[in-house]
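**Q** Please read through the structure below; I'll follow up with questions.
The values are calculated or read from the model by the stated rules, or taken from the named source; none is laboratory data. In this text the structure is predicted, and so the values were computed from the model without any measurement. All Cβ positions, even for glycine, are placed from backbone atoms using ideal geometry, and neighbour counts span all protein chains on display. Accessible surface areas use protein heavy atoms only, side chains included; no ligands, DNA or RNA. Shrake-Rupley method; radii C 1.70, N 1.55, O 1.52, S 1.80 Å.
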Amino acid sequence: MVPANSVNLAFISQFVEMPFDMVFTEQYSVRAAQIAVYHFLGIPSERLTTLHHYEKDPRVLAKAALTMLR
């Protein structure tokens, strides 16, 4: 989100890549902006909104498999 050595420039929304996250979701856009703002304000990254990894939830995977086999 924030280029190396940048003091006032950051990229947000679908214009950045974050590891282990899906582009074009509302959560993705909010988190990208949040990372940039927290960086410039000096807020520790531990306070960022946590990511939800639904792809690892067995219930979600089971529902996806059932939907796929309809």
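**Q** Taking ALA33, is it over 22 Å from ASN8 (Cα atoms), modelled with pLDDT of 80 or more, outside any loop (DSSP other than H, G, I, E, B) and open to solvent by less than 60 Å² (accessible area, probe 1.4 Å)?
**A** It is false that ALA33 is over 22 Å from ASN8 (Cα atoms), modelled with pLDDT of 80 or more, outside any loop (DSSP other than H, G, I, E, B) and open to solvent by less than 60 Å² (accessible area, probe 1.4 Å).
**Q** For VAL7, are the conditions met, namely being open to solvent by less than 60 Å² (accessible area, probe 1.4 Å), modelled with pLDDT of 75 or more and in a loop (DSSP other than H, G, I, E, B)?
**A** Answer is no for this residue.
**Q** Could I ask something else about it? For the stretch 49-70, indicate whether the set of residues that are in contact (Cβ under 8 Å) with a residue 12 or more places away in the chain, surrounded by 10 or more Cβ atoms within 10 Å (Cβ to Cβ), out of contact with any His (no Cβ under 7 Å at 6 or more places or on another chain) and not in a loop (DSSP other than H, G, I, E, B) is non-empty.
**A** The answer is no; no qualifying residue exists.
**Q** Taking the stretch 36-48, which residues are part of a helix (DSSP H, G or I) and not hydroxyl-bearing (Ser, Thr, Tyr)?
**A** ALA36, VAL37, HIS39, PHE40, LEU41, GLU46, ARG47
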